[in-house]
Amino acid sequence: MPTSPTPPSAARVVVLVSGTGSNLQALIDAATDPAYGVQVVAVGADRHGARALERAVRHGIPTFVCRVPDHRDRQAWDAALAEQIGAHTPDLVVSAGFMKILGEAVLSAHTVVNTHPALLPAFPGAHAVADALAYGVRVTGCTAHLVDSGVDTGPILEQVAVPVEDGDTPESLHERIKTVERSMLVDVVGRLARHGHTLTDRKVTIP
Ligand code: GRF
């Protein structure tokens, strides 16, 4: 009987969320194919009641919540978050709509990928889509990047452009960005999981 090669074990991925979790859902869906090379081992949120947590529960994925107000200060919160993430021994952490700045404890222990709804370094921060629209850009998009200690300043992994249309509102533009953002994130996370990466002077190479 012919033998098939043993598939390499899937990378363990913890996803951090705050909101609706459509990016999380795209990762969960992609991970149903063993060839994708990713296992979503836990989903963590900074608040109770995030819709993304319900998605995780529906798929039998363990969840945890780590809220800033439950801790003495941001540093204590960051240490607690690092511990909760670490309990799932991830190979990679994905911040997919996680609306908090990660601190030293998390970042020194884990490689973290973030997805942002603008073409960085333009329009960092929590209101990227509205800021881009208000500025009057004709093209915006999304960026996947490694997280460093700054606000959306880490080395860029991938970017996809999205044209602004006449009459766009922040909501309509964000919906179109999110459509391409999900594919971008799925692609980048899969490639990182399967091949790893090297980093030289802000240039990321995925072999
Ligand atoms: C994404 O556009 C992400 O870049 C931004 O918030 C959105 C999250 O969407 N920070 P979802 O919760 O994955 O649907």
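For this structure, a couple of remarks:
- Separation between Cα centres of the range 22-67 and the range 172-188, rounded to whole Å: 17 Å
- This model, with +1 at the C-beta of Lys and Arg and -1 at the C-beta of Asp and Glu, gives the range 9-110 a dipole about its Cα centre of some 260 debye.
- Loop-located GluC sites (Glu not before Pro) in the range 156-207 whose Cβ has at most 11 other Cβ within 10 Å (DSSP): E165
- Highest-MSF residue in the chain out of R67, R58, R12 [GNM, Cα springs under 10 Å]: R58
- Fraction of accessible area attributable to carbon and sulfur, the range 9-110 (%, probe 1.4 Å): 50 percent
- Solvent accessible area, Å² - S9, 1.4 Å probe, full protein context: 110 Å²
- Ligands, DNA and RNA are left out, and with a 1.4 angstrom probe the accessible area of the chain is 50 Å² per residue.
- Per residue, the convex hull spanned by the Cα atoms of the chain amounts to 140 cubic angstrom.
The values are calculated or read from the model by the stated rules, or taken from the named source; none is laboratory data. Here the structure is a predicted model, which is why all the values come from computation and not from measurement. Cβ: placed from backbone, ideal geometry, glycine included. Neighbour counts: every protein chain shown. Keep in mind that these areas ignore ligands, DNA and RNA; they rest on the heavy atoms of the full protein, side chains included. Shrake-Rupley method; radii C 1.70, N 1.55, O 1.52, S 1.80 Å.
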